[in-house]
Amino acid sequence: MNHVHVIGAGLSGLAAALSLSKAGGPVTVYEAGPAAGGRCRSYFDKDLDLRIDNGNHLMLSGNTAVCDYITEIDAWNSITVHDRAALPFVDLRTFERWIVRPNQGRIPWWVLDRRRRVPQTRLSDYLQISAITRVRDDTTVADSMRRGRLYWHLLEPISIAVLNTPPQDGLARLLGTVMRETLLRGGRACRPMLPNQGLSETLVEPALAALRSRGATIRMNHRIADITIADGMVIALRGPEGTMPLDASDSVVLAAPPWVASDLLPGLVAPNAFQAILNIHFRHDVTSAGPVSETGFIGLTSATAEWVFVKPGHVSVTISAANSLVDEPARAIAELVWPNVVDALALDAKLKQELPPFRVVKEKRATFAATADQDRRRPEARTPFASNLSLAGDWTDTGLPATIEGAIRSGRVAAEILLSRNQ
């Protein structure tokens, strides 16, 4: 196999490069920014005097591509996999707390046990979970189920987190695919997997080390500004050093965000409507005791904050589908969210008046909007533009919403297309 050029060092690009480098040929990865990882990266914040993740990503043991990726880059020592599935929640209107605890096997015995399910729900309510996985049309999440306690206290918060789209717009079939691969497979597929340090230490730095050990070249701050195509082949790339001609046997993986890919490939139909995610990091040390002692995180209902993660030296909050909030001033967002954190973690109520140092990270185009119109705009990995070009990214047609699992799968598919071309 001759030289493969991977444009983009997010997780889809890294996954593609790993698959390609395993085949033994030369691989070069080009990243426009100073760091790899895309939206899944860590960095040192000088103001907080802390190393923080750009955002929070909850991985589950049922994410098979993620698990295979961690195995390939030998990073299991950097992550904690919980022994049991547990999803803790608190309703900040009533201050009711509960933990959803699926049993290990596929048969959902847990729904028979009131202590393991959402309070005041009936056994019949849980049939909705199975119903979601059978949706194949453009039904939205909100239209696919009854609006009872199970919806408000489990399915809606999970839906918003998974799809990053309001449930009245988000596709039930995309949520159903995720549920089918996790919750419906039982607790063994729902065990939370959390990095011991940060996302970069678990998903990015070991991948870069693995690639370099295989002879791959990684070029940071190296934006590819143009792709030249002639006679159905990519024949050149243009980077900071000028035009780089490609041999006939060379190939390209385009693993850039959809707006960048569209600029590089005029005529590409790709998602063009997006949803924001807000991540708010507070420098506040929380002891391991309390509501999150078992899991390290908690979901919130009847609140602005949606998920709270307790990390070394700080607390991190995620708000998904945040288009309505993303343009608000950072301090206003922090002041709105901090009281939610105090209540969720059962901290001293006096702390509500003492806003700690914070960092608000705004991802205005965090993911494509998981709507019917946008889903139809997701291109396949194999493109009609050039036979030696494939696409990767969680925005391509993976059958999943924009998730780490989808990004890694897309990179593998993009690599397989090019590998099969050279056989």
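The values are calculated or read from the model by the stated rules, or taken from the named source; none is laboratory data. What you see is a predicted model; the values in this text were computed from it and never measured. All Cβ positions, glycine included, derive from the backbone under ideal geometry; neighbour counts span all protein chains shown.
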Odd one out for PHE44, checked against (1) surrounded by 19 or more Cβ atoms within 10 Å (Cβ to Cβ); (2) free of Cβ contacts under 8 Å to residues at least 40 places away in the same chain; (3) in contact with a strand residue (DSSP E or B) (Cβ under 8 Å, 6 or more places away or on another chain)
(1)
So is ALA225 within 30 Å of MET244 (Cβ to Cβ), modelled with pLDDT of 95 or more and surrounded by fewer than 17 Cβ atoms within 10 Å (Cβ to Cβ) or not?
yes
Go through the residues of segment 62-71 one by one and say whether even a single one is hydrophobic (A, V, I, L, M, F, W, C) and farther than 15 Å from LEU11 by Cα.
no
One residue from ARG359, ARG365 being in contact (Cβ under 8 Å) with a residue 40 or more places away in the chain, in contact with a His (Cβ under 6 Å, 6 or more places away or on another chain), part of a strand (DSSP E or B) and of a type outside the set (Asp, Glu):
ARG359
Within segment 261-308, count every residue that is in contact (Cβ under 8 Å) with a residue 40 or more places away in the chain and within 29 Å of ASN388 (Cβ to Cβ).
9
Can you give me the number of residues within segment 240-271 that are under 24 Å from SER19 (Cα atoms), in a strand (DSSP E or B) and among the β-branched types (Val, Ile, Thr)?
2
Residues of segment 326-359 being surrounded by fewer than 21 Cβ atoms within 10 Å (Cβ to Cβ), among the β-branched types (Val, Ile, Thr) and in contact with a strand residue (DSSP E or B) (Cβ under 7 Å, 6 or more places away or on another chain), which ones?
VAL326
Single residue of segment 19-41 satisfying the filter (part of a loop (DSSP other than H, G, I, E, B), out of contact with any helix residue (DSSP H, G or I) (no Cβ under 7 Å at 6 or more places or on another chain) and at pLDDT 95 or above) that is surrounded by the most Cβ atoms within 10 Å (Cβ to Cβ):
GLU31
For segment 405-420, check the following and say yes or no: at least one residue is within 23 Å of the chain's Cα centre (by Cα), surrounded by 16 or more Cβ atoms within 10 Å (Cβ to Cβ) and not in a helix (DSSP H, G or I).
no
Qualifying positions in segment 52-88 - under 28 Å from LYS364 (Cβ atoms) and aromatic (Phe, Trp, Tyr)
TYR69
Matching strands (runs of 3 or more DSSP E) fully within segment 283-351 where at least 2 residues are of a type in the set (Lys, Arg):
none
A careful count of residues in segment 60-106 that are within 19 Å of VAL204 (Cα to Cα) and in a strand (DSSP E or B) gives 4
Elements of type helices (runs of 4 or more DSSP H) in segment 123-239, at least 1 residues being in contact (Cβ under 8 Å) with a residue 60 or more places away in the chain and closer than 28 Å to VAL292 by Cβ:
156-163, 172-181, 205-213
Whether any residue in segment 322-335 is within 16 Å of LEU278 (Cβ to Cβ) and under 18 Å from the mean Cα position of the chain (by Cα) is what I want to check.
yes
